[in-house]
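Trainee: Please find one structure pasted underneath; my questions will follow.
Please treat every number below as a calculation from the coordinates, not as lab data. All values reported here derive from a predicted model rather than from experimental measurement. We place every Cβ from the backbone using ideal geometry, glycine too, and count neighbours over all the protein chains shown.
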Amino acid sequence: MRIESWQYDLVFFSFAFLILVEGRKIYGRQAAGIFLWGSLLWTGIIENINSMLGAYDYFAYANYYSFGGKPIQGYGGWISWILFVPAAACIGWFLLSMPAFMISDHLIGKRNIWLKSTFAALMLVSWDVFYDPMAVVNEWWRWTSPGFYWHGVPLGNWIGWFFLLFFFGAIYERTIIERRGFRWLSKAERLLFRSDTMDLSGMDIYRVGRVFYVRLIAHLPVFFLCVFLVAGTSTALWNNRWGPFNSVFPGVGHAQYQTAPKGVIPQQHTPLNRIGHHH
């Protein structure tokens, strides 16, 4: 059964609303809203950077995409975008991550935030092992980077998913739940917010939310470094195929196809290519 991208949009926005309602019952309206907006900020930045670097793209029905006013040929129908990424992709991450975080919070309780985040991240990855192969078969997105592919999805994708919630969950737990700070950020935050952010218990929830968003931005280099080291090492050791598609961004990643091993023929931008069929 084929599920079009606009159907994906509608289903994920609907279920995300239901998850948000449950999150508000558990953490309160403001805290659940901060989780949602933080998810959109966190994933929106990371997804767009990865897309522009040529790891994957969301133009599965496009013959080619470029700047300069050229339209997307064969556009498949995503309802809304955050720059080069469908909003539903970021909403989908929230839809899966908040339940994982809530379950981890319930089972592990007030233990180490990194332990709780590890458990939540592993749970999220286990769900995505089912979800991502289904996505590539339906061509909601397509992979353009080399790596160890399993069911049409590179191992680096699941490594990235792990670190996404590992850092996000720990920052949310420390900031919103515990109302405490990170010592390595305390001096910079004191200058920015003109108060001691190691103890947020007396701070208004909306201001705490702003502290949380700043901490997400501050952890972006740490996130990318971890993913680069772990995913890059796995690709170097267990690369079993080159990227199935060229990147839609001109010049990104094209050099890899010029030196592809004998017998490896990367596919171009033809509509309705099913990379899930090339295992």
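Trainee: How much FRET efficiency would the formula 1/(1 + (r/R0)^6) give for residue 184 and residue 52, where r is the Cβ-Cβ distance and R0 is 35 Å, rounded to 0.05?
Mentor: So the FRET efficiency works out to roughly 0.80.
Trainee: Something else now. Under 5 Å between amide hydrogens, which residues at least 5 positions from residue 150 or on another chain qualify, with H placed 1.01 Å from N in the peptide plane?
Mentor: Those qualifying (amide H under 5 Å, at least 5 residues apart or on another chain) are 155.
Trainee: Sort 178, 173 so that the residue with the fewest other Cβ atoms within 10 Å of its own Cβ comes first and the one with the most comes last. Mind showing how you got there, number by number?
Mentor: Numbers: 178 13, 173 21.
Listed from fewest to most nearby Cβ atoms, that is 178, 173.
Trainee: Moving to a separate point now. Can you sort 131, 172 from fewest to most other Cβ atoms within 10 Å of each residue's own Cβ? Working shown, then result.
Mentor: Working: 131 14, 172 29.
With the sparsest Cβ surroundings first, the list reads 131, 172.
Trainee: Can you list residues whose amide H is under 5 Å from residue 82's amide H, if they're 5+ apart or on another chain and H is modeled 1.01 Å from N?
Mentor: Amide H to amide H, under 5 Å and 5 or more residues apart or across chains, residue 82 pairs with 87.
Trainee: State to the nearest 20 debye the size of the charge dipole of region 98-245 about its Cα centre, where the only charges are +1 on K and R beta carbons and -1 on D and E beta carbons. Write down the numbers at each step before the final one.
Mentor: On the way: 15 positive and 10 negative charges, 104 e Å.
Rounded to the nearest 20 debye, it is 500 debye.
Trainee: Got a sec to turn the phi values of region 223-230 into Karplus ³J(HN,Hα) couplings, 6.51 cos²θ - 1.76 cosθ + 1.60 with θ = phi - 60°, whole Hz, x for Gly and Pro?
Mentor: 4, 5, 5, 5, 5, 4, 5, 6
Trainee: Now for a separate question. Residue by residue through region 146-160, what is 3J(HN,Hα) from phi via Karplus (6.51 cos²θ - 1.76 cosθ + 1.60, θ = phi - 60°)? Round to whole Hz and write x for glycine and proline.
Mentor: x, x, 8, 9, 9, 6, x, 10, x, 4, x, 4, 6, 5, x
Trainee: Please turn the phi angles of region 8-22 into ³J(HN,Hα) values with the Karplus equation 6.51 cos²θ - 1.76 cosθ + 1.60 (θ = phi - 60°), one per residue in order, whole Hz, x for glycine and proline.
Mentor: So the Karplus estimates, Gly and Pro as x, are 4, 3, 5, 5, 6, 5, 5, 6, 4, 4, 5, 5, 4, 4, 5 Hz.
Trainee: If you don't mind, another one. In nm, give the distance between the simple-model label positions of residue 115 and residue 195, each being 7 Å from the Cα along the Cα-to-Cβ direction.
Mentor: Label at residue 115, label at residue 195, 3.1 nm between them.
Trainee: Restrict the search to region 78-154; then list the trypsin sites (Lys or Arg not before Pro) that DSSP places in a loop and that have at most 14 other Cβ atoms within 10 Å of their Cβ. Don't skip to the answer; put the middle values down first.
Mentor: On the way: sites: 110, 111, 116, 142; in loops: 110, 111.
Within region 78-154, the qualifying trypsin sites (Lys or Arg not before Pro) (loop, at most 14 other Cβ atoms within 10 Å) are 110, 111.
Trainee: Let me ask you something else. Quick check: from the Cα gyration tensor, does region 140-214 come out rounded (a/c under 1.5), prolate or oblate?
Mentor: prolate
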